[in-house]
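To keep things clear, I will list the structure first and then write my remarks on it.
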Amino acid sequence: MEYQDEHIKRLFARLSELERIVDERSKPVVPPPPRTGLCGAKTRKGTPCQCKAIEGKNRCKLHGGKSTGAKTAEGIERIRQGQARRWAKASFQREAHENNS
């Protein structure tokens with residue numbers, strides 16, 4: 001008789017453990033609240049970006065928080081010159097490659 005009582009106790013313990021597991025799995029998945037200081041932009045996966053936002057901005061450097069481009073005439077000229085150097089270098093390398101072929 002004592003064996004049956006122990007067996008029944010173990011079965012009920014296992015049953016309550018299984019009920020707890022089922023309850024946990026059936027709860028709706030709620031996304032965690034947004035943490036302050038994070039970017040939060042929607043990624044390709046559909047989840048919020050977890051990168052740290054740029055100080056004073058709401059987005060990270062990957063999602064538009066870094067820069068909006070040059071504003072002053074000097075900055076625009078500096079970008080224009082840099083682009084001209086890059087194009088000249090690429091053109092020179094392309095010509096050198098074509099001559100070697």
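No lab work stands behind these numbers, since they all come straight from the coordinates. Note that the structure is a prediction, hence the values are computed from the model and not measured. Note: ideal-geometry Cβ built from the backbone for every residue, glycine included; neighbour counts use all protein chains shown.
Could you list, in sequence order, the residues of the stretch 56-101 that are within 24 Å of the chain's Cα centre (by Cα) and free of Cβ contacts under 8 Å to residues at least 24 places away in the same chain? Across the stretch 56-101, the qualifying residues are 56, 57, 58, 59, 60, 61, 62, 64, 66, 67, 68, 69. Taking the listed residues 82, 56, 65, 69, the one that is surrounded by 10 or more Cβ atoms within 10 Å (Cβ to Cβ) and within 30 Å of residue 38 (Cβ to Cβ) is 65, with no other qualifying.
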